[in-house]
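Everything below concerns the one structure shown next.
The values are calculated or read from the model by the stated rules, or taken from the named source; none is laboratory data. Predicted model only: the values in this text are computed from it and were never measured. Quick reminder, even Gly has a Cβ in these numbers, built from the backbone with ideal geometry, and neighbours come from all protein chains shown.
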Amino acid sequence: MHLNNFSRVSVSIRLAILTALAGLQITVASAQTNNEIPTLQIKADQVTGKVSPTLYGLMTEEINYSYEGGLYGELIRNRSFKASTNSARFWTTVGSGEISLDPATPLNDALNISLKLDAPQASKDAPAGIANGGYWGIPVKPKTTYKVSFYAKAANGFSGPLTVAISSADGKTTFASAQVSGVTGDWKKFETTLKTKSVEPSKANQFTITTKSPGTLWFQNVSLFPPTYKDRPNGRRPDIMELLADMNPKFLRFPGGNYLEGDYFNERFDWKKTIGDIAQRPGHRSPWNYWSTDGFGLPEFLGWCEDLHMEPVLAVFAGYTLRHDYVKPGPDLEPYVQEALEEIEYVTGDAKTTKWGAQRAKDGHPEPFKLHYVEVGNEDWFDRSGSYEGRFAQFFDAIKAKYPQLQVIATTRVRTRTPDVLDEHYYRSQEEMELHALDYDKYSRTNPTKIFCGEWATRVGSPTPNMAGALGDAAWMTGMERNSDIVLISCYAPLFVNVSDLGQGGSMQWRTDLIGYDALHSYGSPAYYAQKMFSTRHGDEILATDSQNIPTAEYRPPTRRRNQGTNQPPAEPPPAVQIRKVFFDATRDSKSGTIFLKLVNSLGTPQPVKVEISGAKSVGAKATATVLKADKIDDTNSLQEPTKISPKTETISGLGANFTQTLPPYSISILELKSK
Ligand code: AHR
């Protein structure tokens, strides 16, 4: 049986929603004032829908040094010397050498510049060379093998060899070194390994290439890789991959976000320039204002999916950039439509019979990838020209004609086509998340537009969300999960932040991000743990619920800003509203009968709740309880205290079809109740 939109929430909550919508002062008394214990009813004989098997996934883009200086294993910053056209940024000299950018000595058309080292004074006692400090340090770990590769050529009497090394930033301690011979007047690729001994982990280190022989040298694509997750060449950082694997994500939305669009056309994610040999990838500027080598390109996104058993949710460039340039629908847009079709072919095409499938095989992956969802653009509501209507229609028709099985996602509402799914984005405060946590209960069930909640986050806490963020997120997730008959897929954003330099122009461009790291360590925020709990503990059936006496608190929404430059008087502050402070939802595993009851207490006091389960033959007296809680609402995790707020699991007893459970202050709990 499918309950209608409003029948899932109690009368008082319905009133609260309607009043909030009308912008009126709420007069509903909270349960706190009535001293009545909230009652949560779970109707085990009323399944309102199926939990989407792809509800929980990941969203990613190059922001906050997500790949370069993040997930991408590469340790050398600005390995291709294209981060600036003025200077060799992030490179310094060792000894008497002088370095400069040399556009006259390119490696190839893609890496069309090189780093020149003039070292006329280099000698046995005074080596000269180049040094790179990585992304806020080069991580040194004990008994670890690092792979070094670079292109080099030489002139002016250079007779080699070169010494490559990882040493402390002051140059006093060498952790590993190796010799490389055979550098000539022609570009050649060199590869070696560096092995550390039983050293203490550290990050205030540098990578160097030095010579004791005088001469001139040119370098390009200088790379240093630590071991990667599953030993993938050009692969990903294991500790961060393990954090992600623990979330059991079902899909990856890539490559953006704004990173898909770029500020300008030549800065969009141009997928064909991100495949093949990394020395043939020109790289481009991220709209988050730093250089991307595109070493982490389309094949690497797909490899990431494969390693974590996720499906790609592929966002294709749709002819619109962040600076509001757009391509008119019609013949001008056609090349971009073709490019998107080819990209889909690269992901899904047969290796023998399709051009781009063959290219994927050449890039190391003969097997096609599974693909169900393609998203056309990103946040096209910013396109005030109205061109998205026509652009979407053109992409939609072409994709459906060639790949009728694909689900096409629109990034904003359109009229002339019916998108399979609509992408909605929500970045909010904790209170706004709570205020809107029941929104999806109100969506029409008559031919509803299916929803992809493609970017959402409670933006409280920086660089990573604190417990308030986790509580807002959990409230929101109960709403998505309870309505995942229409919310098919969802992903938090942004996923990553390098926390090494939080100042202006540093490693963070967006202030609340799920997972933080530096060169050496990584950690999950309280919001990360909340998501991990939700995505790893749910059933496949949504159970009908109802509630009474849910405690509320007064909330005054922020005053909306008026348009600048108008003579309008300052806006009236909006009236206060009552928002719920306890949230819950219930799903059941149809095979085992386990009911997953999710409970969120945003109050700073213990909150007893009466749970009444009807329609089940029996409910066991014991359950597994997994609880995430904090003493203070702004408590958080960090590099120093990575698991300060993390879930604890225990067995609890004294349960059954009717029981009272006290939720700890500031807590997210999941009870796994055995039912028949
Ligand atoms: O997640 C950060 C940014 O927020 C995304 O790039 C963009 O889509 C949204 O505006």
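For the condition hydrophobic (A, V, I, L, M, F, W, C), buried (at least 24 other Cβ atoms within 10 Å of the Cβ), farther than 22 Å from SER223 by Cα and touching a Phe, Trp or Tyr at 6+ places or on another chain (Cβ under 6 Å), what is the one hit in LEU260, LEU314?
Numbers: LEU314 fails: touching a Phe, Trp or Tyr at 6+ places or on another chain (Cβ under 6 Å).
Matching residue, one of LEU260, LEU314: LEU260.
Among the residues of segment 119-160, which ones are part of a strand (DSSP E or B), of a type in the set (Val, Ile, Thr) and crowded, with 19+ Cβ neighbours inside 10 Å?
ILE130, VAL140, VAL148
Output the number of residues of segment 362-388 satisfying the condition of being without any contact (Cβ under 8 Å) to a residue 40 or more places away in the chain and of a type in the set (D, E, K, R).
Of the residues in that region, 1 qualify.
Quick check on my filter: what residues within segment 273-289 are within 16 Å of the ligand (Cβ to nearest atom) and buried (at least 20 other Cβ atoms within 10 Å of the Cβ)? Even if it seems obvious, please write down each step before you answer.
So the first thing to find is which residues in segment 273-289 are within 16 Å of the ligand (Cβ to nearest atom), and the list is 284-289.
Once the filter is applied, which keeps residues that are within 16 Å of the ligand (Cβ to nearest atom) and buried (at least 20 other Cβ atoms within 10 Å of the Cβ), segment 273-289 yields HIS284, SER286, PRO287, TRP288.
If you go through segment 369-385 one residue at a time, how many are away from the ligand (no atom under 16 Å from the Cβ) and within 24 Å of the chain's Cα centre (by Cα)? Full working, then the answer.
Filtering segment 369-385 down to residues away from the ligand (no atom under 16 Å from the Cβ) leaves 369-374, 385.
Filter again for within 24 Å of the chain's Cα centre (by Cα), leaving 369-374.
Adding up the residues that qualify gives 6.
Residue-wise test of (1) over 17 Å from PRO38 (Cα atoms); (2) crowded, with 18+ Cβ neighbours inside 10 Å; (3) within 33 Å of the chain's Cα centre (by Cα).
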| residue | (1), (2), (3) |
| --- | --- |
| VAL577 | yes, yes, yes |
| PHE584 | no, yes, yes |
| LYS591 | yes, no, yes |
| LYS610 | no, no, no |
| SER618 | yes, no, no |
| LEU639 | yes, no, yes |
| THR643 | yes, no, yes |
| PRO647 | yes, yes, yes |
| GLY656 | yes, no, no |
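Pairs needed: first member in segment 51-65, more than 17 Å from ARG236 (Cβ to Cβ) and away from the ligand (no atom under 16 Å from the Cβ); second member anywhere, part of a loop (DSSP other than H, G, I, E, B) and aliphatic (A, V, I, L, M); C-beta distance under 8 Å; at least 6 residues apart or different chains.
Every condition considered, the pairs that remain are TYR56/MET247.
So, ALA104, is that one at pLDDT 95 or above, surrounded by fewer than 18 Cβ atoms within 10 Å (Cβ to Cβ) and on the phi < 0 side of the Ramachandran plot or not? Reasoning before the result, please.
Numbers: at pLDDT 95 or above: yes; surrounded by fewer than 18 Cβ atoms within 10 Å (Cβ to Cβ): yes; on the phi < 0 side of the Ramachandran plot: yes.
Considered against the rule, which asks whether it is at pLDDT 95 or above, surrounded by fewer than 18 Cβ atoms within 10 Å (Cβ to Cβ) and on the phi < 0 side of the Ramachandran plot, ALA104 comes out as yes.
In this structure, is ALA110 of a type in the set (Gly, Ala, Ser), modelled with pLDDT of 95 or more and surrounded by 24 or more Cβ atoms within 10 Å (Cβ to Cβ)?
On the way: of a type in the set (Gly, Ala, Ser): yes; modelled with pLDDT of 95 or more: yes; surrounded by 24 or more Cβ atoms within 10 Å (Cβ to Cβ): no.
No; evaluated as a whole, the condition is false for this residue.
Within segment 242-261, restricting attention to residues that are touching a strand residue (DSSP E or B) at 6+ places or on another chain (Cβ under 9 Å) and within 11 Å of the ligand (Cβ to nearest atom), which residue is farthest from ASN289 (Cα to Cα)?
Ranking the qualifying residues of segment 242-261, first place goes to ARG253.
Looking at (1) part of a helix (DSSP H, G or I); (2) over 30 Å from ASN248 (Cβ atoms), which one does GLU343 not meet, given that it meets all the others?
(2)
Among the residues of segment 138-156, is any at pLDDT below 95 and in contact with a strand residue (DSSP E or B) (Cβ under 8 Å, 6 or more places away or on another chain)? Talk me through it step by step, then tell me what you get.
Our first condition is that a residue be at pLDDT below 95; within segment 138-156, this holds for none.
Looking for residues that are at pLDDT below 95 and in contact with a strand residue (DSSP E or B) (Cβ under 8 Å, 6 or more places away or on another chain), one finds none in segment 138-156, hence no.
Please find, among TYR326, TYR346, the residue that is aromatic (Phe, Trp, Tyr) and either farther than 16 Å from GLU389 by Cα or touching a Cys at 6+ places or on another chain (Cβ under 6 Å) (or both). Give the steps one after another, and end with the answer.
Numbers: TYR326 fails: either farther than 16 Å from GLU389 by Cα or touching a Cys at 6+ places or on another chain (Cβ under 6 Å) (or both).
Step by step, each of TYR326, TYR346 is checked, and only TYR346 is aromatic (Phe, Trp, Tyr) and either farther than 16 Å from GLU389 by Cα or touching a Cys at 6+ places or on another chain (Cβ under 6 Å) (or both).
Restricting to segment 622-676, name every residue that is aliphatic (A, V, I, L, M) and either part of a strand (DSSP E or B) or in contact with a Lys or Arg (Cβ under 6 Å, 6 or more places away or on another chain) (or both). Explain how you work it out, then say what you get.
If we filter segment 622-676 for residues that are aliphatic (A, V, I, L, M), which is where we start, we get 623, 625, 627-628, 630, 633, 639, 645, 652, 655, 657, 663, 668, 670-671, 673.
Of everything in segment 622-676, those that are aliphatic (A, V, I, L, M) and either part of a strand (DSSP E or B) or in contact with a Lys or Arg (Cβ under 6 Å, 6 or more places away or on another chain) (or both) turn out to be ALA623, ALA625, VAL627, LEU628, ILE652, LEU663, ILE668, ILE670, LEU671, LEU673.
Pick out the one residue from ILE42, ILE37 that is modelled with pLDDT of 95 or more, of a type in the set (Val, Ile, Thr) and either farther than 30 Å from LEU599 by Cβ or surrounded by 24 or more Cβ atoms within 10 Å (Cβ to Cβ) (or both).
Values: ILE37 fails: either farther than 30 Å from LEU599 by Cβ or surrounded by 24 or more Cβ atoms within 10 Å (Cβ to Cβ) (or both).
The match here is ILE42.
Which of the residues that make up segment 633-673 are free of Cβ contacts under 8 Å to residues at least 60 places away in the same chain and polar (S, T, N, Q)?
GLN640, THR649, THR651, SER653, ASN658, THR662
Would you be able to tell me the number of residues in segment 352-368 that are crowded, with 17+ Cβ neighbours inside 10 Å and in a loop (DSSP other than H, G, I, E, B)?
4
What residue, of ASP270, ASP239, ASP294, is more than 16 Å from the ligand (Cβ to nearest atom), among the charged types (D, E, K, R) and free of Cβ contacts under 8 Å to residues at least 40 places away in the same chain?
Numbers: ASP270 fails: free of Cβ contacts under 8 Å to residues at least 40 places away in the same chain; ASP239 fails: free of Cβ contacts under 8 Å to residues at least 40 places away in the same chain.
Sole residue among the options that is more than 16 Å from the ligand (Cβ to nearest atom), among the charged types (D, E, K, R) and free of Cβ contacts under 8 Å to residues at least 40 places away in the same chain: ASP294.
Here is a list: LEU333, LEU302. Which entry is under 22 Å from the mean Cα position of the chain (by Cα) and more than 16 Å from the ligand (Cβ to nearest atom)?
LEU302
Among the listed residues GLN509, GLN531, GLN504, GLN548, identify the single one that is within 16 Å of the ligand (Cβ to nearest atom) and surrounded by fewer than 21 Cβ atoms within 10 Å (Cβ to Cβ).
Working: GLN531 fails: surrounded by fewer than 21 Cβ atoms within 10 Å (Cβ to Cβ); GLN504 fails: within 16 Å of the ligand (Cβ to nearest atom); GLN548 fails: within 16 Å of the ligand (Cβ to nearest atom).
One residue alone meets the criteria, GLN509.
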